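This report refers to the structure that appears directly beneath it.
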Amino acid sequence: MEVTMNVNGDEVTRDIEPRTLLVHHIRDHLGLTGTHWGCDTSNCGTCVVWVDDEPVKSCTTLAAMTAGHDVRTVEGMETDGELDPVQEGFIQCHGLQCGFCTPGMMMTARALLDRNPDPTEAEIREAISGQICRCTGYSTIIRSIQWAAKKEQETPVEVSAS
Amino acid sequence: MTVTEDPVDTNAVPTPDNNLNDHKPNGFGRMLRKEDPRLVRGRGQFCDDVTVPGMLHLAILRAPMAHARIVSIDKSAAEAHPKVKAVVTGEDLAAHNLAWMPTLSNDVQAVLATDKVRFQHQEVAFVVAEDRYSARDALELIDVEYEWLEPVIDVRKALEPDAPVIRDDLDGKTDNHCFDWEAGDAEATEAIFADARENGVVVTEDIVYPRVHPAPMETCACVADLDPVSGKLTLWSTTQAPHAHRTVYALVAGLPEHKIRVIAPDIGGGFGNKVPIYPGYVCSIVASLLIGKPVKWAEDRTENLVSTGFARDYIMRGEIAATKEGKIRAVRTEVLADHGAFNGVAAPVKYPAGFFGVFTGSYDLEAAYAHMSAVYTNKAPGGVAYACSFRITEAVYLIERMVDVLAYDLEMDPAELRLNNFIQPEQFPYESKTGWVYDSGDYEPTMRKAMGMAGYDELRKEQAEKRERGELMGIGISFFTEAVGAGPRKDMDILGLGMADGCELRVHPTGKAVVRLSVKTQGQGHETTFAQIIAEEIGIPPEDIDVVHGDTDNTPFGLGTYGSRSTPVSGAAAALVARKVRDKAQIIASGMLEASVADVEYEAGTFRIKGDPEKSVTIQDIAMKAHGAGDLPEGLEGGLEAQICYNPENLTYPFGAYICVVDVDPGTAEVKVRRFVAVDDCGTQINPMIIEGQVHGGLADGVGMALMEMISFDEDGNCLAGSLMDYLIPTAMEVPDWETGHTVTPSPHHPIGAKGIGESATVGSPPAIVNAVVDALKPYGIRHADMPLTPSRVWEAMRGNHTPPI
Ligand code: FES
Ligand code: FES
């Protein structure tokens, strides 16, 4: 079936099998390999992307379900060569080690900050609780998100494409 | 010498305006990672991201039962699938003599089962198709007839005389015995136990370290591309040890070694899970050979959990002999080790129990003895993984749990008991009663620092008050010593390959450099820390140094990254190769400065004439001179590069003191880890930010193992932990904000005094957490409870019904 969606601002059309998972569509058909695949059960969150500004697990979303919608992946976080404050926060606070969970974590973090610009530690923990990081023990991820929140409060920036 | 003050305040958190990251060290110190800019942009390249033109996809058919004879396999329907290129069974592989492969422990493992299957989910056949989904579809079309055989699941029954024999493929095998191992002096130990039974105290406890799994977020995968014209195999693969893998492929597949290039691209976490060679890799190579096209294999999460290297699975009886005053005199243990269906342990050959021999811990003893029987069961192979430092996780868990058992019986404070028994600083180098030579240590300051950070005395007061009110609060301590950095090649090898590591450094004419490593990061940050080591030694800024690793065609030989060996072995190689370059640079500098070599001194990238600070040249000036026109000092070759192969003279012995505070809900038996204080001593610190990160990750592992994680089976051998819904890994909700600190006791034999930190926290944290939970349950008269301390298991323990996990 032919499926058209908007990915990171570009309209893309592909002829795909109806059963194709969004994660495989993004990775294998569109070549955007920043989104990862870590389980099949919606537990790990390495596959998180946005569909219309809402973080979703692309391993349990059919690509066809996102036809006509906006999909945003980690590759779409940077604007005009400038890192998103969340990306910068992860670098500054050692929020990543192997980097496999990182794209999903950052997409969730970005969505959190768009809704709640000054989250508490407990709110951050809850926001990323559907995602697993095996390397960092989470504290530095939380610091990274706090770093981004602080940065955005100090320098109001254009947050997220909406 | 121990430095108890932190070199930097590791608990300081960067903010957009505190300038914590502004200092750019030209050597050791906090430095942001060089690998991060690509990874935060989603531009890392992990194995499953690799695409080669014409690439096909491989999927593996796995056994539905744990023990069964293969009666027949009909693959005709799968072969008829329009998108299928090949369907291969064990019988097909056997025709090429490829059905079995050696394991890293000199056992053999089936690539694809031929005679029978020996664990549930064992590899039975593979399909190669045009795309991922079609390959999986075709698996459904393969018809395998099995004859069920009784499985051996409970390791305690594996050696019973009527137990079915799993490894009837091995000549003359009539039981499930794998190997026996012992360490220490049985007689001397028994003499002390006999005396203690009369005049002192003996404590005994059965302790299980259940089967767990490293479960890195990236599962295993590879792309095999065997060029039919040149005969060269390029293998992108999730491996922590690319060189060792290449050599094994050469030996197994008969491919000439120079025609194999193993590339380990970005690795999404390893933790020992990516040390073994799995059938999936071998199948992919065979498939590419048969079909003449590149082939990708990427396992799913279930395959990763049920078939790749598990960890632990030790059933231990621990015993301590002590005086009534709490002086520990001897330790003894009897271990039953479940090795699964094939002995796939990745450990130095002469160490079949890994480094479990350091189970005497951080204490000065009169005697020690360990005996172990390892057995085969109908479960997946593996054994050494999950950041275990070659079984030191099990060793530390045993001794640190047993010390608490002793403290319970003697009604002594567990901190005081430990302090009274430590090996003293003047005793180093200390030879343990099982023959390990601890290079350095100064334990008391580290312990005191942790107690200070935790506020130990106040915590005990708070606990006493809470107990009055019926609240369950526990404080758990563990003090661990690790032995890492395998290892001296005179007695450590894997499949005959000595555990030394190469390093090569080239300084380019403009003073930039490339350093090539034999080890491979899986998230530890080698691209940063190795550049820092070179910078520290020759003064070229880290950002001017490219770190190349994970590609056998472009790096010197070495055994890879596991057992916390990158810094102790390869880090030493990097420091020494830089010193070799520096020595040559000094000779060139003497020519440039028109002084004798002895009159030139080096400091931070600059060579000066002693006593004449005005006359100097930089390493960058020298690099241009080394490659440029004009004469060099007599007898000197041009260029500025060096190569080395470093053979460590001993292991290094990092240590640490951990204190955990838990609250147990008396109504639900749920354990909440409230605080965790970790003070680590890994010797000289290269990058405190990365060290802190390594510790944090290991602490979360500890929460997982102590409270949640276990690979369990039903009595038929069905694996009950085949997804992340069943195998629970901590999320941000289950872990506290970590409190870390450091002391620094440099290793005397390592060129920069560093000891390795990658696994310390995974080793040290589980006993601290379990000790805390057991301490919380003291009002119930409980001295021991086995991991994982899930609410239901804690609930049972509170009711006196605690049973060990199977
Ligand atoms: S891959 Fe989607 S949640 Fe794990
Ligand atoms: S950084 Fe490795 S899984 Fe999160």
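Listing for the model above:
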{"read-out": "Leading residue by the ranking (least open to solvent (accessible area, probe 1.4 Å)) among those in region A:110-134 that are free of Cβ contacts under 8 Å to residues at least 40 places away in the same chain, within 16 Å of ligand 1 (Cβ to nearest atom) and among the hydrophobic types (A, V, I, L, M, F, W, C)", "value": "A:Cys133"}
{"read-out": "Residue in region A:100-109 that is nearest to ligand 1 (Cβ to nearest atom), counting only those that are facing chain B (nearest Cβ under 9 Å) and in a helix (DSSP H, G or I)", "value": "A:Pro103"}
{"read-out": "Qualifying residue in region A:22-35 (condition: within 16 Å of ligand 1 (Cβ to nearest atom), touching a residue at least 40 places away in the same chain (Cβ under 8 Å) and open to solvent by 20 Å² or more (accessible area, probe 1.4 Å))", "value": "yes"}
{"read-out": "Flag for B:Ala464 being of a type outside the set (Val, Ile, Thr) and open to solvent by less than 10 Å² (accessible area, probe 1.4 Å)", "value": "no"}
{"read-out": "Which numbered condition B:Thr731 misses (of (1) buried (at least 24 other Cβ atoms within 10 Å of the Cβ); (2) facing another protein chain (nearest Cβ under 9 Å); (3) of a type in the set (Ser, Thr, Tyr))", "value": "(1)"}
{"read-out": "Any chance A:Thr41 is within 8 Å of chain B (Cβ to nearest Cβ), under 21 Å from B:Glu303 (Cα atoms) and either within 16 Å of ligand 2 (Cβ to nearest atom) or hydrophobic (A, V, I, L, M, F, W, C) (or both)", "value": "no"}
{"read-out": "Region B:229-255, residues that are polar (S, T, N, Q) and open to solvent by less than 10 Å² (accessible area, probe 1.4 Å)", "value": "B:Ser237, B:Thr238, B:Thr239, B:Gln240"}
{"read-out": "Identity of the residue in region A:56-109, out of contact with any Phe, Trp or Tyr (no Cβ under 8 Å at 6 or more places or on another chain), among the small types (Gly, Ala, Ser) and buried (at least 24 other Cβ atoms within 10 Å of the Cβ), that ends up nearest to B:Thr239 (Cα to Cα)", "value": "A:Gly99"}
{"read-out": "Counted residues, region B:28-49 - those being more than 9 Å from chain A (Cβ to nearest Cβ) and surrounded by fewer than 21 Cβ atoms within 10 Å (Cβ to Cβ)", "value": "3"}
{"read-out": "Test: B:Ser564 is part of a strand (DSSP E or B), in contact with a strand residue (DSSP E or B) (Cβ under 9 Å, 6 or more places away or on another chain), in contact (Cβ under 8 Å) with a residue 40 or more places away in the chain and open to solvent by less than 40 Å² (accessible area, probe 1.4 Å)", "value": "no"}
{"read-out": "Checklist (1) in contact (Cβ under 8 Å) with a residue 40 or more places away in the chain; (2) over 17 Å from the mean Cα position of the chain (by Cα) applied to B:Ile494, failing item", "value": "(2)"}
{"read-out": "Count of residues meeting criterion [aromatic (Phe, Trp, Tyr), touching a helix residue (DSSP H, G or I) at 6+ places or on another chain (Cβ under 9 Å) and within 16 Å of B:His213 (Cα to Cα)] in region B:696-740", "value": "1"}
{"read-out": "Scope region B:747-763; condition out of contact with any helix residue (DSSP H, G or I) (no Cβ under 8 Å at 6 or more places or on another chain), open to solvent by 10 Å² or more (accessible area, probe 1.4 Å) and within 16 Å of B:Asn687 (Cβ to Cβ); matching residues", "value": "none"}
{"read-out": "Residue tally, condition under 30 Å from B:Glu91 (Cβ atoms) and within 14 Å of another protein chain (Cβ to nearest Cβ), over region B:262-291", "value": "2"}
{"read-out": "Helices (runs of 4 or more DSSP H) enclosed by region B:379-455 - at least 2 residues per element that are open to solvent by 20 Å² or more (accessible area, probe 1.4 Å) and touching a strand residue (DSSP E or B) at 6+ places or on another chain (Cβ under 6 Å)", "value": "B:443-454"}
{"read-out": "Selection from region B:474-503 of residues that are more than 26 Å from B:Gly344 (Cβ to Cβ) and surrounded by fewer than 21 Cβ atoms within 10 Å (Cβ to Cβ)", "value": "none"}
{"read-out": "Criterion: more than 14 Å from ligand 2 (Cβ to nearest atom), in contact (Cβ under 8 Å) with a residue 12 or more places away in the chain and either at positive phi or among the aliphatic types (A, V, I, L, M) (or both) - qualifying residue of A:Val48, A:Val3", "value": "A:Val3"}
{"read-out": "Test: residue in region B:256-269 that is in contact (Cβ under 8 Å) with a residue 24 or more places away in the chain, of a type in the set (Lys, Arg), more than 22 Å from B:Ala86 (Cβ to Cβ) and surrounded by 23 or more Cβ atoms within 10 Å (Cβ to Cβ)", "value": "no"}
{"read-out": "Residue in region B:125-137 that is touching a Gly at 6+ places or on another chain (Cβ under 7 Å) and surrounded by fewer than 24 Cβ atoms within 10 Å (Cβ to Cβ) present", "value": "no"}
{"read-out": "Of all residues in region A:71-126 being among the small types (Gly, Ala, Ser) and within 20 Å of A:Lys57 (Cβ to Cβ), the one that is farthest from the chain's Cα centre (by Cα)", "value": "A:Gly99"}
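Let's see how each residue does on (1) modelled with pLDDT of 95 or more; (2) away from ligand 2 (no atom under 15 Å from the Cβ); (3) within 9 Å of chain B (Cβ to nearest Cβ):
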site	(1), (2), (3)
A:Thr60	yes, yes, no
A:Pro85	yes, yes, yes
A:Gly89	yes, no, yes
A:Cys98	yes, no, yes
A:Leu113	yes, yes, no
A:Asp118	yes, yes, no
A:Ala127	yes, yes, yes
A:Trp147	yes, yes, yes
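Results for (1) open to solvent by 10 Å² or more (accessible area, probe 1.4 Å); (2) away from every other protein chain (no Cβ under 14 Å); (3) not hydroxyl-bearing (Ser, Thr, Tyr), shown as yes or no for each residue.
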site: B:Leu651; (1), (2), (3): no, yes, yes
site: B:Val664; (1), (2), (3): no, yes, yes
site: B:Gly667; (1), (2), (3): yes, yes, yes
site: B:Phe676; (1), (2), (3): no, no, yes
site: B:Asn687; (1), (2), (3): no, no, yes
site: B:Gly698; (1), (2), (3): no, no, yes
site: B:Gly704; (1), (2), (3): no, no, yes
site: B:Met708; (1), (2), (3): yes, no, yes
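The values are calculated or read from the model by the stated rules, or taken from the named source; none is laboratory data. Quick caveat: nothing in here was measured; it's all calculated off a predicted structure. Cβ: placed from backbone, ideal geometry, glycine included. Neighbour counts: every protein chain shown. Side chains are part of the model used for accessible areas, which takes the heavy atoms of the whole protein and leaves out ligands, DNA and RNA. Shrake-Rupley method; radii C 1.70, N 1.55, O 1.52, S 1.80 Å.
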